[in-house]
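Read the structure below first, then the notes.
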Amino acid sequence: MLGKFKKVIVFAFVPLLAVSLPISFAFKSNRVEKTDPVAFPTSFDNNFFTNFDEWFNDNVPFRDAFISFYKSCEQTIEDAWFKFLLMLSGNSDFNYPSSGSIEDITDPFLDKGQPYYAPRYDGYVIYGRDDWLFYSGDGSLENYKGSDIYTDYEMNKHMEKFNTINDICNDRNIDVCFNIFPNKEQVYADKMPSIRVTNRAKKLQRVEHYFSKNSSLPFSYPIDEIIDSRELGDVYLKEDTHWNPLGAMQGYIDILKGLNRSAPTYTYSETTVQGGDLASLLSSSGSIYTSYNVSYKEDVTYEVVADGDRKYIETKSSLADGSRCVLIGDSFRNALVPYAAKDYENLTCIHFEYLYSEYAQNEIAKLKAGDTLIVLSAERLYPALVNSLDDLASHLNK
């Protein structure tokens, strides 16, 4: 019965795609995570059809929206079917654990007694206090408000997906960890305008609590640690959605902790940068503000041996110890490359939106005992990461 519903979705999908083909290339996305499109293959050689397939997958009209719509429909049907069976049978096999109380989780910046600061928006950009800019897209604003929390059932379904990856890696003696890093506005809530927070325990805080209570997953959402690291200096870029090198180092420390490895030794110095992706959304070059340079393992060198234009990147270091790591993530992973590239002889970073590719399948299938798999995303892209876990599990099982 469930399979028939899925077939209906697929057949409904095809005419939508056909209708959109003639008109869609005129539209552009304001999404800051968007990667550059693959170029149409210009030479007819042995790789033409492979390159054409990559071009089509990357440029097909409204591809992200269609995939999201399809997976949402599929998940909705699966959830409804599950609850229907549960209602009919009352079988304990359908029970799932509860989250329990998380009343102790609070936002440390919500009770500072700051004066009212009226929210002001320009498209996806939120103007914050002290000239800080924030992003409202990809559910970021709902993440901040805590208005999009999951049910216990939804969190249990997510946990199953992460457990599948974890079990495969454990069976093959591959080191693995899962890290979700907070949105900028969660770390700099004191710079946000006066926006009512619906739930003090936000979505990812609840997810981490649920996973820790009901599993042994190496899963982390280090909101407290990243907030505490502000004592070192700014850890996110003032006019960008991403962290700066100092913030990325705090994220990398959390990753190493998840892999049961020692915290790294590093030094940092102040520098300046200008603008960022949020300034660009305002069609501005932006202002000049403080960032940091981070020095880490200066005795180890590395080179970029393959660059897939933000879809993937490969590095090779001077370690010569055979170590290998595959890092699956979003654009937050880019700032981690200078650190992870010095801890492994071979590092491959792949954007999870590119997991459909033959390249990703081949690189993930190469993982063997003693290798490392790191899976991460920014908080706002956690739902997209969860949707990609089935592909990741499939590649690991090749």
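The values are calculated or read from the model by the stated rules, or taken from the named source; none is laboratory data. Everything numeric in this text was worked out from a predicted model, so none of it was measured. No Cβ is skipped: glycine too gets one built from the backbone with ideal geometry, and neighbour counts run over all protein chains shown.
Within segment 326-344, restricting attention to residues that are of a type in the set (A, V, I, L, M) and free of Cβ contacts under 8 Å to residues at least 40 places away in the same chain, the residue that is surrounded by the fewest Cβ atoms within 10 Å (Cβ to Cβ) is Val337. Here the condition is being more than 29 Å from Tyr127 (Cα to Cα), assigned to a strand (DSSP E or B) and in contact with a strand residue (DSSP E or B) (Cβ under 8 Å, 6 or more places away or on another chain); of Glu314, Glu270, it holds for Glu314 alone. When each of Asp171, Asp167, Asp148, Asp175 is tested for being assigned by TED's automatic domain parsing to the domain that holds Thr372, more than 21 Å from Ser394 (Cβ to Cβ) and of a type in the set (Asp, Glu), the lone residue that passes is Asp148.
For segment 307-323, enumerate the residues that are over 17 Å from Tyr344 (Cβ atoms) and surrounded by 13 or more Cβ atoms within 10 Å (Cβ to Cβ). Listed by number, the residues that qualify are Gly308, Arg310, Lys311.
In segment 226-267, what count of residues is obtained for those that are surrounded by fewer than 17 Cβ atoms within 10 Å (Cβ to Cβ), farther than 27 Å from Ser284 by Cβ and in contact with a helix residue (DSSP H, G or I) (Cβ under 8 Å, 6 or more places away or on another chain)? Residues in segment 226-267 being surrounded by fewer than 17 Cβ atoms within 10 Å (Cβ to Cβ), farther than 27 Å from Ser284 by Cβ and in contact with a helix residue (DSSP H, G or I) (Cβ under 8 Å, 6 or more places away or on another chain): 5 in total.
Out of all the residues in segment 164-182, is one or more over 30 Å from Asp371 (Cβ atoms) and part of a helix (DSSP H, G or I)? The answer is no; no qualifying residue exists.
Quick one: in segment 217-233, of everything that is assigned to a loop (DSSP other than H, G, I, E, B) and within 21 Å of the chain's Cα centre (by Cα), which residue is nearest to Asp190 (Cα to Cα)? In this case the residue turns out to be Pro222.
One line per residue, one yes/no per condition, for (1) surrounded by 17 or more Cβ atoms within 10 Å (Cβ to Cβ); (2) basic (Lys, Arg):
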{"residue": "Glu142", "(1), (2)": "no, no"}
{"residue": "Lys161", "(1), (2)": "yes, yes"}
{"residue": "Cys169", "(1), (2)": "yes, no"}
{"residue": "Asp175", "(1), (2)": "yes, no"}
{"residue": "Phe178", "(1), (2)": "yes, no"}
{"residue": "Phe181", "(1), (2)": "yes, no"}
{"residue": "Glu185", "(1), (2)": "yes, no"}
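Count of segment 289-306 residues, restricted to those that are touching a residue at least 12 places away in the same chain (Cβ under 8 Å) and surrounded by 12 or more Cβ atoms within 10 Å (Cβ to Cβ), is 12.
For segment 110-118, the count of residues that are within 25 Å of the chain's Cα centre (by Cα), at pLDDT below 95 and either surrounded by 12 or more Cβ atoms within 10 Å (Cβ to Cβ) or not assigned by TED's automatic domain parsing to the domain that holds Tyr221 (or both) is zero. With the requirement that a residue be crowded, with 16+ Cβ neighbours inside 10 Å and assigned to a loop (DSSP other than H, G, I, E, B), what does segment 273-288 give you? Answer for segment 273-288, where residues must be crowded, with 16+ Cβ neighbours inside 10 Å and assigned to a loop (DSSP other than H, G, I, E, B): Gly275, Gly276, Leu282, Gly286.
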